[in-house]
Every structure is written in C-alpha cells, then in structure tokens.
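The values are calculated or read from the model by the stated rules, or taken from the named source; none is laboratory data. Keep in mind that this is a model prediction, so the values were computed, not measured. Note that each Cβ is placed from the backbone with ideal geometry, even for glycine, and that neighbours are counted across all protein chains shown.
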Amino acid sequence: MVLGGGTGGTLIANRLRRMLGGGVAEIVVIDQDDDHVYQPGLLFAPFGKAGPASLTRPRHRQFRPGITFRQAAVDRVDLDRNEVLLADGSLVAYDVLVIATGARLLPEETDGLTGPGWMTRVFTFYTLDGAVGLRRALAEFDGGRLAVAVMDMPVKCPVAPLEFCFLADAYFRERGIRDKVDLTYVTPLDGAFTKPVCNRELSGLLKDKGVSVITEFNTGEVDGDGGRLVSFDGREVSFDLAVVIPLHGGQAYVERSPGLGDELGFVPVDQRTLQSKARPNVFVIGDAADIPTSKAGSVAHFEGEVVARNIARYLAGEPLDAAFDGHTNCFIESGSGKALLIDFNYDTEPLTGRFPGGIGLPLLRQSRLNHLGKLAFGWLYWHVLLPGREIPGVGSRMPAAGKHLPPAAPR
Ligand SMILES: Cc1cc2nc3c(=O)[nH]c(=O)nc-3n(C[C@H](O)[C@H](O)[C@H](O)COP(=O)(O)OP(=O)(O)OC[C@H]3O[C@@H](n4cnc5c(N)ncnc54)[C@H](O)[C@@H]3O)c2cc1C
C-alpha cells in the first residue's frame, strides 16, 4: 500500500508493478485528490510561462494497469495492526507500506502570514493558487521593493526561491522597469545556499543581477498591512510585495500515528536503505523522509530504484541493499534562457565539471543547454520519472566522472 500519489508514490507504484509483475503483489495507492500538479512548473506560472492547465493532469491516469487508485484522505496509521484508517472511517490492511505523502506547507505557523495582505500583497508560488495569484500581482507591480523570503529550512527544492529572484530580474528587465524594482532575497541561512562551492556561485550571480541578500534573518512575523517582515531578533525588512516560502512540515496524519514520525512530522528512515526506523515493513520515499538531502523530485526518482529493490528483498526475506547515496540533481533557472545544474549526494557537495560525464551538461555554470534541460525535465517527469523508468545514462548513484573534485586534504 502506497500512501500518497504524487511524484514518489506514483513512480514507486509503477516501478513495483513492473518489477513484481501481476499476481505477486496487489498494489494500492491512496491519495486525497485526483489532481497531479507538476510542482517544478509552479516557478514559471507567476511569469506567465505556465498555467494550471499545462501543469495539472489526472492522478489516476499516471498509474500502470493493475494498480488500484483510491481517492481518500489518510487519517492515521496503526503500525501495530498494519492498518491505515481513512478519513471516511474505513480501515485498510497492508503487508508493506510505502509513505509517499510529501511535505506540508504551514503558512499559518508564522505570525501574520495568512492575515491581512495574504494573497493581495503577500504570496507564495509554492501552491497553484498562490502562483496564479502572484502572476496578477506581478503584472500590476510597477516599482518598489519585492522581498523574496524563506521562512525556515527545510523547504522543497531549496534553489527555487533563488530561481524566482533570477526570473524576476529578467521579467522586470523585459518590462523595462528593473531600475524601479528593489529585489531583495531574505534567508535564514548565512549565505544564498548551504553548500560552499554552490553558495559562492549563486551569491555571485545574485550580485551580478543586482539582488540584495539579507542573511541569517529568521522571520517571526509577516505584517502584510504594514509591509514588514520582522525577525525573531527584532530586525525588519520592509516590502511593497512579498513572495514567501512558508514553513514546511510533515503531514498531520503522521503526527497522529503513534511511533511513525518525528517532531516535525517527517518519518525517520535508514538513509541508505530507506526503510523506516518504526517498522521493517514500512518504507519511505520523497519529501516525507527525514534524510539530510534536498526535498526534490529528482531525489524521489533516484530513491525509487533502491526502495523498489528493497521491498522485493524484504518480501523475499533477503537482506536490504544499503545503496541510496543521497543523490540530488537540480537545474537552476537563471533567467534570459539560461540555467545552471547542480549534482551532489550525502558526501559530495555540488562541484564544477560536467554531468553525467566528461562531455555532459556543464555543472555550476550558466548555459543555454542547461535551460533546455530544465524545460525537458517537464517532459521527462510525465513520461520517464512517473512511469518509473530509468533516464538513459543517469543512474541512481551520483556519478563522480566529469566532476572537478577538490584535491585531497594533506594527511
Ligand atoms: C515551486 C517548486 C519548485 C520545485 N522545483 C523542483 C525542481 O526543479 N526539481 C525537483 O527535482 N524538484 C522540485 N520541486 C520539489 C518536488 O516537486 C517535490 O520534492 C516532489 O514532488 C516530492 O514528491 P513526494 O512524492 O514526496 O511529494 P508530493 O509529490 O508532494 O506528493 C505527496 C502526495 O501526498 C498526498 N497526501 C498528503 N497527505 C495526504 C493524506 N493525509 N491523505 C492522502 N493523501 C495525502 C498529496 O495529495 C500528494 O499528492 C519543486 C517544488 C516546488 C513547490
């Protein structure tokens, strides 16, 4: 039984169907709605380059024949009885459970964020409604300070707020009003990104594009009426329009399920096998896991191979494969038809070089090829990732070939 039919839930159900064949296992996917949104496309919606129709497809149509899709909200999991209680009151039993319910946005957890000004002067592009509303607000914006603020980590796709800044820079240039707009990026981190080499590149790019950066700003309050972000230590950033990445947590049902989640509602797992720490017959894929890597669709894709193999091994009574290395891969749209690419894992930070080998896409460098890669990712998502197929030439493990590895530290 797979809880959640988003990126991770869909691809693992399809992979398992292919791997186990009919008759070996009955595969059921449960999700609360039937609209599968291509979330990476939300970045482009505020700039008029994508809309609800192009980003959304029926969830039930993404599954291979033989998979049962059930539309229902999960209320809680009873780990002792191997049962899931649904919000409609029904109980469903499982032999193996895959948690794929992702992360939840928690805008109401920040004081004032959903108060006056929410969706008129303060927006998020992390939801379809927010991204569409922001499109109107951006079109009407003709000058002043636009603050792009991350409330706290972890967030899905941590480079997306930076990409938003780059695209906003290009958008206002195209409209001929860039000199009237003060673009300010507000982050709780001590730099634009967590990893040093990547931080250096992205900070340089923000500077080149005239984006001011305010670091170590932990927003405690958003005053939409007054146009102010207020940090816990009393600093203030004024704005005319704010684009906010709300706090993220796990799903509420995880918190209601004794023994399943941590205090944030994420599910603790063995970071190499992706088996939950709660029970051996529970596996986790995607943003719901508590692992120290980015919350990204590419991660769910790379995890899929390991989770499917380990479920097959668990069913056969064999030892699990500790093969997941934290592989993450993200295109970073930098505006004007260019993008960067980063590729890293638990042990290796994003480095310069090429991906997936010596003659591949340039890493940590703006290029038109990477922009085309970002656009192609949309097609790959529906036709390769979700059906649970491999991307030719790109394995689950992070490739070391093509990367400029730093010299080994002297002994
Ligand atoms: C703006 C934006 C840009 C992004 N850009 C990129 C990018 O460029 N590259 C990249 O790799 N990733 C990107 N991501 C991240 C990527 O979309 C997510 O990491 C990925 O979708 C996670 O997959 P998942 O299966 O864990 O969760 P999701 O795909 O979010 O699926 C979770 C599913 O669980 C269901 N669910 C939740 N609670 C319940 C419940 N109680 N009962 C029943 N069903 C429930 C939901 O309805 C949902 O369908 C971006 C995300 C955003 C928001």
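Looking only at residues in segment 290-313 that are in contact with a Leu (Cβ under 7 Å, 6 or more places away or on another chain) and more than 18 Å from Phe377 (Cβ to Cβ), the one that is surrounded by the most Cβ atoms within 10 Å (Cβ to Cβ) is Val307. If you filter segment 160-198 down to residues that are at pLDDT 95 or above and among the polar types (S, T, N, Q), you find that the one that is surrounded by the fewest Cβ atoms within 10 Å (Cβ to Cβ) is Thr184.
Can you confirm whether segment 217-238 contains a residue that is in contact with a Lys or Arg (Cβ under 8 Å, 6 or more places away or on another chain) and within 30 Å of Met19 (Cα to Cα)? No, segment 217-238 has no match at all. Test Ala149 against the stated conditions and say whether it is of a type in the set (A, V, I, L, M), in contact with a strand residue (DSSP E or B) (Cβ under 9 Å, 6 or more places away or on another chain), assigned to a helix (DSSP H, G or I) and at pLDDT 95 or above. For Ala149, the condition - of a type in the set (A, V, I, L, M), in contact with a strand residue (DSSP E or B) (Cβ under 9 Å, 6 or more places away or on another chain), assigned to a helix (DSSP H, G or I) and at pLDDT 95 or above - is not met. The selection criterion, being closer than 25 Å to Tyr346 by Cβ, crowded, with 19+ Cβ neighbours inside 10 Å, more than 16 Å from the ligand (Cβ to nearest atom) and not hydrophobic (A, V, I, L, M, F, W, C), holds for Glu201. Inspection of segment 303-316 identifies at least one residue that is in a helix (DSSP H, G or I), farther than 27 Å from Pro356 by Cβ and touching a residue at least 60 places away in the same chain (Cβ under 8 Å). Once segment 274-316 is narrowed to residues that are of a type in the set (D, E, K, R) and more than 8 Å from the ligand (Cβ to nearest atom), the residue that is farthest from the chain's Cα centre (by Cα) is Arg313. Is it true that Thr184 is over 24 Å from Leu264 (Cβ atoms), among the polar types (S, T, N, Q) and not in a helix (DSSP H, G or I)? Spelling it out, Thr184 is indeed over 24 Å from Leu264 (Cβ atoms), among the polar types (S, T, N, Q) and not in a helix (DSSP H, G or I).
Within segment 199-211, being modelled with pLDDT under 95 and not in a helix (DSSP H, G or I) holds for no residue.
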